[in-house]
Each structure stands twice: as C-alpha cells, then as structure tokens.
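I have placed the structure first, in the form of structure tokens, so that the comments after it can refer back to it.
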Amino acid sequence: MMTDKVRIETLDATSFKGNNDQFLARQAEFESNVRSYPRKLPLAIAKANGVWITDVENKDYLDCLAGAGTLALGHNHPDVLQSIQNVISSGLPLHTLDLTTPLKDQFSEYLLSLLPHQGKDYCLQFTGPTGADAVEAALKLAKKTTGRNSVISFSGGYHGMTHGALSVTGNLGPKEATSGMMTEVQFMPYPHLYRCPLGIGGQAGIDALSYYFENLINDVESGVRKPAAVILEAVQGEGGVNPAPIEWLQRIRKVTQEHGILLIIDEVQAGFARTGRFFAFEHAGIEPDIIVMSKAVGGGLPLAVLGIKKEFDAWSPGHHSGTFRGNQLAMATGLTTLKILKEQDIAGQVAVKGEWLKAQLTQLQKRFPQIGHIRGLGLMIGMEIVKPQEPTDHLGCYPADPELAVLLQKKCFEAGLILERGGRHGCVLRLLPSLLISQVELTLFLEKFEQALLSAGLQPQG
C-alpha cells in the first residue's frame, strides 16, 4: 500500500520569520514554566558557527556558554558535522540499545585510552544520555559494590536534577518542593578560594578542611556511617568555579582508599581539556574509582558514560539499563571531538589561553573592584561580583552582589556577549567558551566585557 510522502521542512536561517520577542512569546505559550535560559538570554537562535551565534534578527553574539561546556569545539565544527553525515550515509542504525557496532567499538577503545594508564584498569558503562543519568548509575553501583548505603557529597557541588543526583547536589533551591530525598547523604564543606567555609582562609583553611574530612571518617563517634562513596567535582562548575586544592583532593583520595570507599569524580563539565588537562582530577595526580563523563564526550550530542575500575564492576547483566545508551551519532561526534582534543593538544593550548585570560581579567579587576575574585583553570573561569563600597569580612572579602551580577549578565548580552552566572546567590559570572576560541576572539571578549561594565554604570578606578 502506497502512502503519501511526508513533507520535510527545509531549515535554513532565511526561512525563520519573526523577531526574538515573537519566538519567545510562543515558547512561553508552548513550554513549561521550568525553562530558565530564555529568561536570562532572550533570543531565538537562527544559526551558529564556532564561538558565534546569530539570532533571528541577524545580531551576532560571542558565545562564552557553549552549551554549558558541551560544545568543546564550538558550534557546527566541520569535522563534527562530517562525522554525522558519515553515519547517516553508512547505513549504521541510529538506535542500538547497548548492542555492538563497529563505531561503538572504535569510540570505546579511544575513550578508554584517555583514562589513567590508557584505561587498562577501567571498563565503560553507557548510561542514559545525561550527566544526571550517569551520576545515578555511579551512586547505585557504589552501593551495590560496597554493600553500604551512605554517600558523602560537598557543599556547592552540582550533580544533576534527578532524584539521587539532586540528593547529592548542594543547591537548595531545586530541593524546596521535593520531599523524600535519598537517605544518608552527608554534606561536607568544600574548599573555597575566596570564602573559606571554616572562616580561616589560605593554607590553614585547606589544612583544616583536610583534617576535618579525615577525622570524620576515622571518628567512631562521628555519627556518620562509613559511606559507600564520596562524590565530588575536581572543579565545581555551577557552584561558582571552585577548583579543589591539590593537597586537599589528594588527601580525599588517600582516605577513601584506606577505608575502601569508592571515589566518584564528576567530570561532566570540567572534563575533556576544559581545565588545561584532559580531566580535572589529573591536576592532583589521582585516579578515581568511578569517572562520570557527559557533555563534551558526545561532541555536542547527548551521551553519558562511566569509567569504572574493573574491580568495582559489580553489575549483573541488565541490573542498570536505559533505552538510549547506544546513541550512534553521539559516538561519532564524540570520537571526532576526542581525537581533535588529543591529537591537536587542545588541553595544552587551553592552559595557555586560560592563564593569559586570567591575567588580563586581573588587570581589569584593578580598575573595577566590583570584580572581587577571579578563579578557575583553563577555559573554566569565574568572576565573583562584590560590593567594594561595603566593609569586608575578617578575611578581607567583600559582600556578594547578586543584583549587580544579574545586571552585568544583561549588559553583556546587550553588548553581544553570552555568559552564565553561578555560585552562591548567582553572583559569579562564568566563562565556558569553545576550547578553540582564538586570541582575537578572547581579546574581543575582554572589549565586550569592559563595555558591559561601563554600561552598567561602573566607574573605572586608577
């Protein structure tokens, strides 16, 4: 029986009719109130290339968000697009559950080669397509492997919005209307380079936090049962771009190894050359028991994977499943992305770019003291916005200024610059551009950012 051919709409930038406000109004009609980015970045995107996106009104924006770090190579990298076309023309299935394909074989081998010791001690688990899916699997596996139920997480950490992932996330806002969080989650203070959670600061604060963690595990009167796992980010992203001090992270690894506690490192945002090393935990020279990977690992398409030390692979067949574990397009784009990152030493280039950019921002900070603190690694950089007109605390830190941070994000957008906020009270402006951003584009970013500072009414000093 013949059926009429379905009409396929042609999509190109010239076919989009209307302005930003019209598209945003329709989105507000079609979508749930839960949407967030359109409220801060009110545009309708018509096309994108590299670090640039263009809205339906033909205005260009320098994109320093890059899909919250997902687009390691920027928008529509030609090699990534070619890898999609290769899969489509190859006859490979687009959906395979967890069945094997030659493409999956190539991707798995290459990804494993990037893990510690070329992945000889690790195996991979393909989970559902988001980072939260992978976090859920990691928590579940740690409990199954150890026979214990409790988990230690850290203040400021972000691990996702599903039930278990939200339970180990520090942000209280999404938890307000959610009862029955996962039981026996113990939060510990995470070092903060500007606002020490113990009120000590400096090396003394790091040493105290290291001791505090070790003592909690060793103390038979702590009230906290030995956990199945400790989960953390080596650089907190949504929590305000806080890199973990190397010695603190090394102490966490030492204590967890001594007590048979699995260390889960969430590399969803910080992984894959973002911090100037292929993985953020590499700065401390440690080896996690479970590595959570998503975002950049799929080359811009949905994919999430665990790297599991083989000795802890306690799964029985089918005991953790998911329909969308076999995204062939994401494995193709992911493989292309990983090869470019590795073979072109993008991590090394990112380390250099990041240090240059932080140095330039430090010079800007001298003129605009509302930039209270600059921190981060590689091209994962945060600027904490403060109130320099008010008294400092006993550590010399000014109060946070979330209202100004909101205004600066708005003024950046008006100047054609897209960036995100994060951290406590949303007072940290966060940079997560394409790792291929050029020196010319970084200089343009600085020009646009200074324009936004001036547009917000800030008066340069000196």
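The values are calculated or read from the model by the stated rules, or taken from the named source; none is laboratory data. Note that the structure is a prediction, hence the values are computed from the model and not measured. Reconstructed Cβ throughout: ideal geometry from the backbone, glycine too, with neighbour counts over all protein chains shown. When the accessible area is computed, the model is the full protein with side chains, heavy atoms only, and any ligands, DNA or RNA have been set aside. Shrake-Rupley method; radii C 1.70, N 1.55, O 1.52, S 1.80 Å.
Packing around the peptides 353-364, 322-333, taken as the average count of other Cβ atoms within 10 Å per residue, puts them in this order, highest first: 322-333, 353-364. As a calculated quantity, the FRET efficiency between K366 and D79 at R0 = 51 Å, using C-beta atoms, amounts to about 0.80.
In this structure, the amide hydrogen of G240, modeled 1.01 Å from its nitrogen in the peptide plane, lies closer than 5 angstrom to those of G423, counting only residues at least 5 positions away or on a different chain.
From the convex hull of the Cα coordinates of region 158-312, what is the mean projected area in square nanometres?
Numbers: hull surface 40.5 nm².
Taking a quarter of the hull surface, the average projection is 10.1 nm².
In percent, how large is the relative contact order of the chain, given Cα pairs closer than 8 Å and 6 or more residues apart? Please list the in-between numbers first.
Numbers: 900 pairs, mean separation 89.7, N = 462.
In percent, rounded to a whole number, it is 19.
The spacing between region 391-462 and region 338-373, judged by their C-alpha centroids, is 14 Å. Evaluated at q = 0.14, 0.18, 0.20 Å⁻¹, a Debye calculation over the C-alpha positions of region 240-393 (equal weights, vacuum) places log10 I(q)/I(0) at -0.86, -1.16, -1.27. Its alpha carbons considered, region 146-203 gives a radius of gyration followed by a Dmax of 13.2, 38 Å.
Dipole magnitude of the chain about its Cα centre, charges +1 at Lys/Arg Cβ and -1 at Asp/Glu Cβ only, in debye to the nearest 20? If you can, show how the numbers build up before the last one.
Numbers: 42 positive and 47 negative charges, 29 e Å.
Dipole size: approximately 140 debye.
Here K47 is the anchor, and the lysines within straight C-alpha reach of less than 17 Å, apart from those fewer than 8 places off in the same chain, are K17, K59. Using the average count of surrounding beta-carbon atoms within 10 Å as a protection proxy, the listed peptides 367-374, 183-190 rank, highest first, as 367-374, 183-190.
Normalized C-alpha radius of gyration of region 54-205, against 2.2 N^0.38 Å? Don't skip to the answer; put the middle values down first.
On the way: Rg = 20.6 Å, N = 152, 2.2 N^0.38 = 14.8 Å.
With N residues counted in region 54-205, Rg over 2.2 N^0.38 Å equals 1.39.
The distance between label points at L97 and V352 comes to 4.9 nm (points 7 Å beyond Cα on the Cα→Cβ vector).
For E29 and E258 in one chain, what is 0.36 nm times their gap in residues minus the Cα-Cα distance, to one decimal in nm? Provide the component values of the computation, followed by the final result.
Numbers: separation 229, 0.36 × 229 = 82.44 nm, distance 5.48 nm.
Between E29 and E258, full extension yields an extra 77.0 nm.
Electrostatic tally near I346: other residues with Cβ closer than 12 Å to its Cβ, Lys and Arg +1, Asp and Glu -1, net +3.
Neighbours of H117 by Cβ distance under 15 Å: Lys/Arg scored +1, Asp/Glu scored -1, total -3. Multiplying each eigenvalue of the alpha-carbon gyration tensor of region 1-141 by 5 and taking the square root yields semi-axes of 34, 23, 18 Å, largest first, rounded to whole angstroms. Along the axis of the charge dipole computed for the chain (Cβ charges of +1 for Lys and Arg, -1 for Asp and Glu, origin at the Cα centre), the listed residues G74, L263, G173 are led at the positive end by G173. For A46, the residues whose modelled amide H falls within less than 5 Å of its own, excluding neighbours fewer than 5 places apart on the same chain, are T54, D55, V56. Projecting the Cα atoms of S83, Q409, T275 onto the charge dipole of the chain (Cβ charges, centred on the Cα centre) puts Q409 farthest toward the positive pole.
Modelled label positions at K120 and Q459, each set 7 Å beyond Cα in the direction of Cβ, lie 6.5 nm from each other. Charge tally around E247: other residues with Cβ under 13 Å, Lys/Arg +1 each, Asp/Glu -1 each, net +1. With contacts taken as Cα pairs under 8 Å and at least 6 residues apart, region 264-363 reaches a relative contact order of 31 percent.
What is the gain in length, in nm to one decimal, between K17 and Q344 on full extension, counting 0.36 nm per residue of separation less the C-alpha to C-alpha distance? All intermediate terms of the calculation are to be shown ahead of the outcome.
Details: separation 327, 0.36 × 327 = 117.72 nm, distance 4.00 nm.
In short, 113.7 nm is gained.
If you average the sequence gap of Cα pairs under 8 Å that are 6 or more apart and divide by the length of region 409-462, what percent do you get for the contact order?
Working: 40 pairs, mean separation 21.0, N = 54.
With pairs under 8 Å counted, the relative contact order is 39 percent.
Here the scattering of region 366-462 is modelled by Debye summation over its C-alpha atoms, one equal scatterer each and no solvent; at q = 0.15 Å⁻¹ the log10 of I(q)/I(0) is -0.59.
For a modelled paramagnetic label at I88, 7 Å from Cα along Cα-to-Cβ, the residues of region 323-342 in reach, with backbone nitrogen under 19 Å, are 327-337.
With the radius of gyration and the Kirkwood radius both derived from the Cα set of region 76-157, what is their ratio Rg to Rh? Could the numbers behind the result be given before it?
Working: Rg = 16.9 Å, Rh = 15.9 Å.
Reported Rg/Rh, Kirkwood definition of Rh: 1.06.
When M161, M293 are compared by accessible area at a 1.4 angstrom probe, the order from most to least is M161, M293. About its Cα centre, the dipole of region 318-399 is roughly 160 debye, where the only charges are +1 on Lys and Arg Cβ and -1 on Asp and Glu Cβ. For region 315-462, the tally of Lys pairs with Cα-Cα distances below 30 Å comes to 23, considering only residues 8 or more apart or on different chains.
Order 233-243, 213-223, 34-44 from most to least packed using the mean count of other Cβ atoms within 10 Å.
Working: 233-243: 25.9, 213-223: 12.0, 34-44: 13.6.
Per-residue Cβ counts within 10 Å, averaged per peptide and sorted highest first, yield 233-243, 34-44, 213-223.
Look at (1) 33, 26, 23; (2) 33, 32, 20; (3) 79, 31, 16: the one that is semi-axes √(5λ) of the Cα gyration tensor in Å derived from this structure is (2).
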